[in-house]
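Reading through the structure tokens given below for one structure.
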Amino acid sequence: MSGLDRLLNASVDAVKKSGALENNAFMATVSVVNAGGTVDVTRAGDTFPSVRVLSGYQVPAVGDNVELLRSAGGWVCVGKLMTSSLPRIQSGSAQTPGSGGTAGTWTAVTVTFPKAFASTPNVVATPNSSVSAGTTELNWSVASVTTTGFELRSRRTTDSVTTFLWIATDF
């Protein structure tokens, strides 16, 4: 090994052992969510106040495990670390049955998510069936949302099966 190689290896080892690299990025826990796009975070008993939050971290919450990076302007919170393998977004389709010959009657179907969410998600549904303009009225709602599913309800002025597309997210 040449003298230059030894010098370079010694320099790299010195930087690794100094902790300088680790001090530029670390994980912490949000302790306070401030107004104006900042959070206070704690790590090993130290508090870092008013850390700026990147725009992708849209809903900071106390207790979130986050990644901090040192920038030229100070510390920046990159965002929340995933602490669960549970899904954050799911979608699918469902059909509400016909009304059994009584047009205008509410019908319902229970939709079970393929995989449970860690927290109760927001659910949106939209019809994916044809509805004749001016002759058919369609009402629908999403109800009883839990981490494992929801109820999809519909009412038509015709006795028809209605197909819906849905999306659920706990962002």
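Taken together, the values in this text are just the output of simple stated rules run on the coordinates, not laboratory data. Predicted model only: the values in this text are computed from it and were never measured. Cβ coordinates were reconstructed from backbone atoms using ideal geometry, including for glycine residues, and neighbour counts include every protein chain displayed.
The table that follows gives values for the structure above.
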read-out: Length-normalised contact order for region 89-169 - Cα pairs under 8 Å, 6+ apart - percent; value: 49
read-out: Sum of -39500 (n - 2.57) over DSSP H runs of 4+, divided by residues of the chain (222 nm, nearest 500); value: -3000 deg cm²/dmol
read-out: Dipole in debye (nearest 20) - the chain, about Cα centre, beta carbon charges: Lys, Arg +1; Asp, Glu -1; value: 100
read-out: Top of Thr38, Thr112, Thr136 by mean-square fluctuation, Gaussian network on the chain, Cα under 10 Å; value: Thr136
read-out: Label corresponding to Cα extents along the principal axes in Å when calculated from the structure given, among [x] 43, 37, 35; [y] 90, 43, 28; [z] 50, 35, 30; value: [y]
read-out: The chain: relative contact order as a whole-number percent, Cα under 8 Å and 6+ apart; value: 19
read-out: Positive-end residue, region 24-80 charge dipole about Cα centroid, Cβ charges, pick of Thr38, Ala72, Gln58; value: Ala72
read-out: Region 83-171: trypsin sites (Lys or Arg not before Pro) in DSSP loop, at most 11 other beta carbons within 10 Å; value: Lys115
